[in-house]
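Chemist: First the structure, then my questions, so here it is.
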Amino acid sequence: MSTLGWIAATSLLGGVLSVAFAGLFALTARAAWVPMLVSYAIGALLGAAFLEILPHAFEGAMSVRNVAATILAGIFGFFILEKLVLWRHCHVEDCDVHDQHAAAHDHGRSGMLILIGDSFHNFCDGILIAAAFMENTQLGIVTAMAIIAHEIPQEVGDFLILLHSGYSRTRAFLLNLLSSFAMLAGGLLAYFALRSLQDWVQGILALAAASMIYVAVADLIPGLHKRPELKATLSQSILIALGVGSIWLVGHFTRQWGG
């Protein structure tokens, strides 16, 4: 399959699969599985960032220092972006950081914001997938897998917020599905743009790694600390290890497959 074919297939499949699984969990009252998905997603994100994306970003870079600086700038940029999102949620209403999700359940006011934010996120994910596939197919597959693993629990949360905002189940599912096509749009646009801007690929890979590290460490891991009991910690650790291990296995077998 051509690089463009891989980008189109994984971007489309990734978006549709994440929404489909999210809808299944939400509609069948299996949202209790979300914490398990989150733990696995943490491992997949960190595994993809440290075992696959960063090595390729450093190996193909003209300057290792510039790549490292891009990762640092990306983490800082995602911190600022998240602060702006939190401010947008809370500056009108009296809420704090720990209650942001409760504040989002505002009977309709947050629904459109969630959809716009999710579409932009999906669009950026498509760009990251395209950049990875343009480096090589193996890296693209691993990156797409990590993004899908992260997207499922996020889409479950978005789906539930839309329901709490007054959307029907059918409308919430269809709007989330429509939003998922932004991943395909981002992947296709990035493919044609990056073909003439090959020097940008390493920088985008560095930003992809920064995004995955930030989401895992700043957004997802703190939630796991709300359950400090030994049994929960053991379960979380095993699932994180499984996430890392699955990325290693996919990388290993795709390298073997690619010769």
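Please treat every number below as a calculation from the coordinates, not as lab data. Since this is a predicted model, take the numbers as computed values, not measurements. For neighbour counting, all protein chains shown are included, and Cβ atoms are generated from backbone atoms with ideal geometry for every residue, glycine included.
Chemist: Tabulate in residue order the Karplus-calculated ³J(HN,Hα) for the range 207-216, using 6.51 cos²θ - 1.76 cosθ + 1.60 with θ = phi - 60°, rounded to whole Hz; enter x for Gly and Pro.
Modeler: Ordered by residue, 3J(HN,Hα) equals 5, 4, 5, 4, 4, 5, 5, 5, 4, 5 Hz.
Chemist: Ranked highest first by the average count of other Cβ atoms within 10 Å around their residues, in what order do 212-220, 176-184 fall?
Modeler: Per-residue Cβ counts within 10 Å, averaged per peptide and sorted highest first, yield 176-184, 212-220.
Chemist: Here's a follow-up. What distance in nm lies between label points placed 7 Å from Cα along the C-beta direction at LEU177 and LYS83?
Modeler: The modelled label-to-label distance comes out at 4.0 nm.
Chemist: Which length gain, in nm to one decimal place, applies between GLU59 and ASP219 when the Cα-Cα distance is subtracted from 0.36 nm times their residue separation?
Modeler: Once the chain is fully extended between GLU59 and ASP219, it gains 54.7 nm.
Chemist: Okay, moving on. What list of ³J(HN,Hα) couplings, whole Hz, do you get for the range 59-64 from phi and the Karplus terms 6.51, -1.76, 1.60, once you set θ to phi - 60° and write x for glycine and proline?
Modeler: 5, x, 8, 6, 9, 4
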